[in-house]
Amino acid sequence: MLSLVRSKLLNILKIKTMRNITQRSTTTNLCRRLAPACSVAAALFFTLFLSGCEYLDDFDDFGKDKDKNEQEMYEVKLTDLNNSGVTGTATVMYNEEGEFTVLVNAKNLVPSMVHPQHIHGFDMEDKDAVCPPSSAAGQDGLLTLADGLPFYGPVLLPLDDELVPLEVNNFPKASASGSLNYIGVVKTSSLVAAIDAKYEEEQTMEDFKAEERVIVIHGAYVKDNKIVPAGTQGAEYMATLPVACGEVKKMH
Ligand SMILES: [Cu+2]
C-alpha cells in the first residue's frame, strides 16, 4: 500500500518536473525569438525618450516667449499741438488673460469741457503713427483733425467711458481747473473680440501693435484759426481740434 502511494507520488513529481522543463524551454525559445524585437523596441524607446526631452525644452522656451499673463506696459508723453499748452502722460497696459487699461493724466485743458481722446493708428497695417509737426497745419496755421490724419492715422480706439464697443460713447470732461484724469479698463479678451469683428482677418493682441500708435486729446476754443481761452467773445469750441499728442512707447 505504501509503495503504491510512493510510486504515485513519484509519478506526480515526474510529471511536474517535465512540465517545468517544457515551460522553461518555451520561455527560453520565446525570448530568443523576441530578442531582436526587444532591442529594436529598446532603441525606439530611447530615441522617443530623447526627442521627448527636446520637445519639453522647446515647450519651456515657448512658455517663456509667450506668457499670456505677462503685463505689457507702455508709456506716453503728451505734448501740445496748436500751442494749446496741454501736457500730460498716459499709460497703456494689458495682459492677454486679464485686463486692458489706459490711464491719461493731462493739464491745461479747457475747464469743464468734454475732451475726446483716442488711440490713433493705421488700422492693422504695419505703419508707425506719429504726432504731426506744426507744418502739417497748412496755410491757415490751425492743425485740424484732418490735417493730422496722414501722421497719426484714423481712430483705432476711442478712450471713452466704455472702451468696448469701439464706437464712441462718453468722453471725459476736464475738471474746473482744466485737468483730466481718465481710467479706461476692459477685459483684454473683449477688446480683441471687438477688434477682430471690425477687421477682415483674424486679429489678436499682437496685431494691436501698441508701439505703432499714438494718443491724441482733442478740444479747444478757436477764434481766427487760433486757440483762445474759454469765454473769448466769438470763439467756437472745436471738440475735434487736436490739442495734445504722444507716441506710445514700451516701458523698460
Ligand atoms: Cu483722436
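None of the figures in this text is laboratory data; all of them are computed from the coordinates on show. Here the structure is a predicted model, which is why all the values come from computation and not from measurement. With ideal geometry, Cβ positions are generated from the backbone for all residues, glycine too; neighbour counts draw on all protein chains shown.
Need one number: the % of Cα-Cα pairs in region 72-250 sitting beyond the 19 Å mark.
Looking at region 72-250, the distances longer than 19 Å represent 55 percent of pairs.
If the chain between residue 97 and residue 177 were fully stretched, how many nm would it gain, using 0.36 nm times the residue separation less the Cα-Cα distance?
The span from residue 97 to residue 177 would gain 25.0 nm if fully extended.
Sort 211, 97, 200 by Cβ crowding within 10 Å, fewest neighbours at the top.
Lowest to highest Cβ neighbour count: 200, 97, 211.
Using 0.36 nm per residue, how much length does the chain from residue 199 to residue 251 gain when fully extended, once their Cα-Cα distance is taken away?
16.0 nm
Stretch residue 237-residue 190 to full length: gain in nm at 0.36 nm per residue minus the Cα-Cα span?
Gain on extension, residue 237 to residue 190, equals 13.5 nm.
Given a Förster radius of 25 Å and the C-beta distance between residue 87 and residue 134 as r, what FRET efficiency does 1/(1 + (r/R0)^6) yield to the nearest 0.05?
According to the calculation, E is roughly 0.95.
Restricting attention to region 119-216, which chymotrypsin sites (Phe, Trp or Tyr not before Pro) occupy a DSSP loop and are surrounded by at most 13 other Cβ atoms within 10 Å?
Here the sparse-neighbourhood loop sites are 199.
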